[in-house]
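Student: What follows is a single structure, and I will ask about it in a moment.
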Amino acid sequence: MDRVVGAMLGLACGDALGAPIEFMDQLTVRRRYGKLTEMIGGGPWQAGEWTDDTGTTLCVAEGILEDANDPLPAVGRRLLAWSESAKVAGPTVSAALANYRHGGDWVQASRTTPQAKAGRATGNGSLMRSLPVALAYAESAKLLVESARLSALTHWDSQAEVCAAVYCLWVRGLVEGSSVESAWAAALSGARHMAAVGSLSPETPGPVPLPDSFWRRLEGVTTRRYEDLQSSGYAGYCVECLEAAAWCCLNAEGAEQAILDAVNLAGVSDTIGALAGGAAGARWGTGALPDRWLEKLAERERIEKTGHGLARLRASLGG
Ligand SMILES: [Mg+2]
């Protein structure tokens, strides 16, 4: 229970910490804040307010709680409602939601975004909301198929699909008590196995093809240096965000360090912070998240309640 709730809170903390410095470069962040360690707010964001990472993660979590057997329709409905009032939504998510509103089904909506048609639906928008899949489903086959389906809802892309699978397998291992290192290694081998088996559902693009660099980057995370992370220039590429979040957790003594290292990469600070925060909360639990963050966190009770619901669901589904 504590790890599941910690994962939800950790994700929201990383998102809220990173929100005001999203798209800044590291030099600007350092000049302005030294190392950013507090929820200061800025731009359109109040202190403690979170962005689309937590907003869409709550859509997924609450959709799974409504119908764990077939969460896709409930999640889709929530994403549409969320986007009506969201301050910020990513371009691929927005395009898929707009397509769906024009009629048709989710597969058609996702396949026909400009990003998907150009082979570039590789943004972090589906990865950032995948955490609740890892928290709800302990059983591998169900975890992998729902992770793929929920990614494909907006991101018709194999890299996005496999990144979500790796993240969910990793976090599941952390919830079950594995170390960061062994859960990461097990997640990579589990996702590689999945990719070799092929498509899990006709409603997803499937786990292939992947570029040659895909596994090399994720399997080589530990050989990288902090300065080498997010090398593409803050493009929000899903592999790069996952790589950076993994690095920060693999090289941290605890949740606070992992989240702050992630956020202070700047660039896509909110998403990398959210991904690292979800994993760190699953590994180190609620107690490892500083009170000074939790006290400021927007809608903390809703996030905790959702985490409790997911933990109860996980226990009832078994696996
Ligand atoms: Mg965001």
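The values are calculated or read from the model by the stated rules, or taken from the named source; none is laboratory data. Worth saying up front: this structure is predicted, and the values here are computed from it rather than measured. All Cβ positions, glycine included, derive from the backbone under ideal geometry; neighbour counts span all protein chains shown. Protein only, heavy atoms only, side chains kept; ligands, DNA and RNA dropped before computing areas. Shrake-Rupley method; radii C 1.70, N 1.55, O 1.52, S 1.80 Å.
Student: With springs only between Cα atoms under 10 Å, which of 132, 44, 207 fluctuates most in a Gaussian network model of the chain?
Tutor: Answer for the Gaussian network model of the chain: 44.
Student: When all protein chains stay in place, what accessible area (Å², nearest 10, 1.4 Å probe) is found for residue 184?
Tutor: The accessible area of residue 184 comes to roughly 20 Å².
Student: Hey, can you rank 244-254, 196-206, 14-24, 68-78 by average C-beta count inside 10 Å, highest first?
Tutor: Sorting 244-254, 196-206, 14-24, 68-78 by mean packing, highest first, produces 14-24, 244-254, 68-78, 196-206.
Student: Calculate the FRET efficiency for residue 316 and residue 231 from the Cβ-Cβ distance with a Förster distance of 41 Å, rounded to the nearest 0.05.
Tutor: It comes to 0.45.
Student: When only Cα pairs under 8 Å and 6 or more residues apart are kept, what is the percent relative contact order across the chain?
Tutor: Once divided by the residue count of the chain, the mean separation gives 33 percent.
Student: While we're looking at this one, here's another question. Work out the length of the dipole vector of the range 2-317 about its Cα centre, built from +1 on the beta-carbon of each Lys and Arg and -1 on the beta-carbon of each Asp and Glu, and round it to the nearest 20 debye.
Tutor: That gives a dipole near 280 debye.
Student: What accessible area per residue, rounded to a whole number of Å², is obtained for the chain using a probe radius of 1.4 Å?
Tutor: 38
Student: Right, something else. Using a Gaussian network model of the chain with C-alpha springs under 10 Å, which one of 62, 243, 301 is most mobile by mean-square fluctuation?
Tutor: 301
Student: Classify the range 2-317 as rounded, prolate or oblate, taking a ≥ b ≥ c as the square roots of the eigenvalues of its Cα gyration tensor: rounded when a/c is under 1.5, otherwise prolate if a/b is larger than b/c and oblate if not. Spell out each step's value before the answer.
Tutor: Values: a/c = 1.24, a/b = 1.22, b/c = 1.01.
It comes out rounded by the Cα gyration axes.
Student: Per the 1.4 Å probe, what fraction of the accessible area of the chain, in percent, lies on carbon and sulfur atoms?
Tutor: 50
Student: Lysines near residue 142 by alpha-carbon distance under 24 Å, same-chain residues fewer than 8 away left out - which ones?
Tutor: 305
Student: Give the separation of the Cα centroids, the range 211-289 to the range 1-49, in Å.
Tutor: Taking the Cα centre of each part, the range 211-289 and the range 1-49 sit 14 Å apart.
Student: Here's something else I'd like to know. Give, in nm to one decimal, the length gained when the segment between residue 210 and residue 31 is fully stretched (0.36 nm per residue of separation minus the Cα-Cα distance).
Tutor: On the way: separation 179, 0.36 × 179 = 64.44 nm, distance 3.84 nm.
That works out to 60.6 nm of additional length.
Student: Tell me, in nm to one decimal, what length is gained between residue 120 and residue 181 on full extension, where the rule is 0.36 nm per residue of separation less the Cα-Cα distance?
Tutor: Answer, rounded to one decimal: 18.9 nm.
Student: Enter the accessible area of residue 84 (Å², nearest 10), with the probe set to 1.4 Å and all protein chains included.
Tutor: The accessible area of residue 84 comes to roughly 140 Å².
Student: For an R0 of 41 angstrom, estimate the FRET efficiency from the Cβ-Cβ distance between residue 84 and residue 223 and round to the nearest 0.05. Don't jump to the answer; show the numbers that get you there.
Tutor: Working: r = 44 Å, r/R0 = 1.08.
For R0 = 41 Å, the calculated efficiency reads 0.40.
Student: Could you name the lysines whose alpha carbon sits less than 29 Å from that of residue 35, not counting residues in the same chain fewer than 8 places away?
Tutor: Here the lysines satisfying the reach criterion relative to residue 35 are 87, 296.
Student: Still on this model: When only C-alpha pairs under 8 Å and at least 6 residues apart count, what is the relative contact order of the range 63-125, in percent?
Tutor: 22
Student: A further question on this structure: Report relative contact order for the range 23-145 in percent, whole number only (criteria: Cα-Cα under 8 Å, sequence separation at least 6).
Tutor: Reported as a whole number, the value is 23 percent.
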